[in-house]
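Let me begin by presenting the structure, written as structure tokens, before commenting on it.
The values are calculated or read from the model by the stated rules, or taken from the named source; none is laboratory data. What you see is a predicted model, and the numbers here were worked out from it, not measured in a lab. All Cβ positions, even for glycine, are placed from backbone atoms using ideal geometry, and neighbour counts span all protein chains on display. For the accessible areas, the whole protein counts, side chains as well, though only heavy atoms, and no ligand, DNA or RNA atoms are used. Shrake-Rupley method; radii C 1.70, N 1.55, O 1.52, S 1.80 Å.
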Amino acid sequence: MKNPQAARRTSVPVCVDGVVIGGDAPVAIQSMTNTLTADIEGTVSQVKSLADAGSDLVRITVDTEEAAAAVPDIRKRLDNASCHVPLVGDFHYNGHRLLAQFPDCAKTLAKFRINPGNVGRGQKRDLQFAEMIAVARRYHKPIRIGVNWGSLDQQVLARVLDDNAASPEPRSLASVTHEALVTSAIESAHFAEQEGLSHDAIILSAKVSAVQDLIEVYRDLAARCDYALHLGLTEAGMGSKGIVASTAALGILLQQGIGDTIRISLTPPPGGDRSQEVVVAQEILQTMGLRA
């Protein structure tokens with residue numbers, strides 16, 4: 001029987017605090033806390049639970065000064081508990097300021113997640129994005145450029161829409177939006193490299209909420225670059241609906257050799273176990289023969 005990994009797309013490997021993403025490395029599993037990061041005890045507990053379930057990386061939200069200040073203590077407590085899972089910081093509009101004001105937070109995180117649509121508006125966008133890239137370079141941190149259907153860079157979308165309107169054979173709105181997602185991800189990666197970040201310090205993602213859209217976007221993205229790719233269906237939903245949708249989308253892409261790290265974005269029921277999304281990710285990879 002042919003090894004499914006034999007036909008895997010070639011991507012540039014990225015090292016995230018000892019976890020290799022891309023290249024010949026096994027597909028990695030990522031998850032995310034839903035605690036307030038400033039709640040140190042609650043965040044430590046959930047990160048440990050996710051890591052114990054098998055998550056190779058755990059993303060935490062860094063959106064306030066309190067959250068940024070808490071990151072070093074969270075890392076210390078996890079290390080003291082022999083939980084060395086890399087922490088990924090999820091930043092939005094104030095990420096440039098938080099990274100500058102809290103250097104210990106920047107040094108502690110293993111990777112930064114940056115959404116080009118949430119970096120800033122107008123002229124501030126490039127400046128604030130460049131400030132975050134400068135911090136990543138200073139502390140030798142890789143980044144994930146995470147484009148999202150619901151927060152697409154409006155400047156890129158407007159430009160692609162204008163180009164389409166001027167075309168003798170205009171495409172559908174859905175197709176143009178797909179193009180804008182891919183364009184935003186790749187142009188943002190090129191911008192980061194122009195600012196001095198190395199090619200092997202960049203991971204891309206382009207998340208949408210519909211299965212067919214996700215497949216089309218990632219096929220295009222995979223064909224147009226060699227960056228490592230993070231797969232995930234955003235807002236997959238609760239229970240069996242979210243599991244089935246994520247499995248359908250990610251299973252097709254993984255079988256085609258696309259994807260270096262995955263997340264199953266399940267919405268847990270009130271009081272539900274967040275680690276279920278990690279178990280589902282493991283079962284997808286194991287069922288497909290991609291992980292043991």
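May I ask you to order 208-217, 138-147 by the average number of other C-beta atoms within 10 Å around their residues, highest value first? Please report the intermediate quantities before stating the final value.
Working: 208-217: 19.3, 138-147: 20.9.
Top to bottom by mean Cβ count within 10 Å: 138-147, 208-217.
Here are labelled values, (i) 45, 43, 39; (ii) 62, 51, 37; (iii) 66, 42, 37, and one is the computed Cα extents along the principal axes in Å for what I pasted. Which one?
Looking at Cα extents along the principal axes in Å for this model, the match is (ii).
First check a/c for the range 8-104, with a ≥ b ≥ c the square roots of the eigenvalues of its C-alpha gyration tensor; if it is under 1.5, answer rounded, and if not, answer prolate when a/b is larger than b/c or oblate otherwise.
Verdict is oblate for the range 8-104.
With Cβ to Cβ distances under 15 Å as the rule, what net charge do the other residues near Val156 carry (K, R +1; D, E -1)?
Numbers: positive: Arg121, Arg125, Arg159, Arg224; negative: Asp126, Asp153, Asp162, Asp163, Glu179, Glu187, Asp220.
Summing Lys/Arg as +1 and Asp/Glu as -1 gives -3.
Can you give the helix-only mean residue ellipticity at 222 nm for the chain, where every DSSP H stretch with n ≥ 4 adds -39500 (n - 2.57) and the sum goes over all residues, rounded to the nearest 500 deg cm²/dmol?
Only helices count here, giving -15000 deg cm²/dmol.
What whole number of Å gives the distance from the Cα centroid of the range 139-204 to the Cα centroid of the range 1-67?
Here the answer is 23 Å between Cα centres.
Given labels modelled 7 Å from the Cα in the Cβ direction, how far is it in nm from His84 to Gln123?
Taking the two extended label points, one gets 4.8 nm.
When a/c reaches 1.5 or more, the comparison of a/b and b/c decides; with that in mind, is the range 212-251 rounded, prolate or oblate per its Cα gyration tensor?
prolate
I want to check the label-to-label distance for Leu173 and Tyr139. Put each point 7 Å from Cα in the C-beta direction and report it in nm to one decimal.
4.1
Dipole magnitude of the chain about its Cα centre, charges +1 at Lys/Arg Cβ and -1 at Asp/Glu Cβ only, in debye to the nearest 20?
280
With all protein chains present, how much of the accessible area of the range 1-94 (probe radius 1.4 Å) comes from carbon and sulfur, to the nearest whole percent?
52
Applying the Karplus parametrisation 6.51 cos²θ - 1.76 cosθ + 1.60 with θ = phi - 60° to the phi angles of the range 229-234, what ³J(HN,Hα) value in whole Hz is obtained for each residue in order, glycine and proline being reported as x?
3J(HN,Hα) across the range 229-234, in whole Hz: 10, 9, 9, x, 8, 6.
List the aspartates and glutamates whose Cα lies under 18 Å from the Cα of Lys241, skipping any in the same chain that are fewer than 8 positions away.
Excluding near neighbours in sequence, the set is Asp213, Asp273, Glu277, Glu283.
Rounded to the nearest percent, how much of the accessible area of the range 115-222 (1.4 Å probe, protein heavy atoms only) is carbon and sulfur?
49
Taking Cα pairs under 8 Å and at least six residues apart, what relative contact order does the range 198-277 come out at, in percent?
31
So for the chain: antiparallel DSSP bridges make up what percent, rounded to the nearest 5?
10
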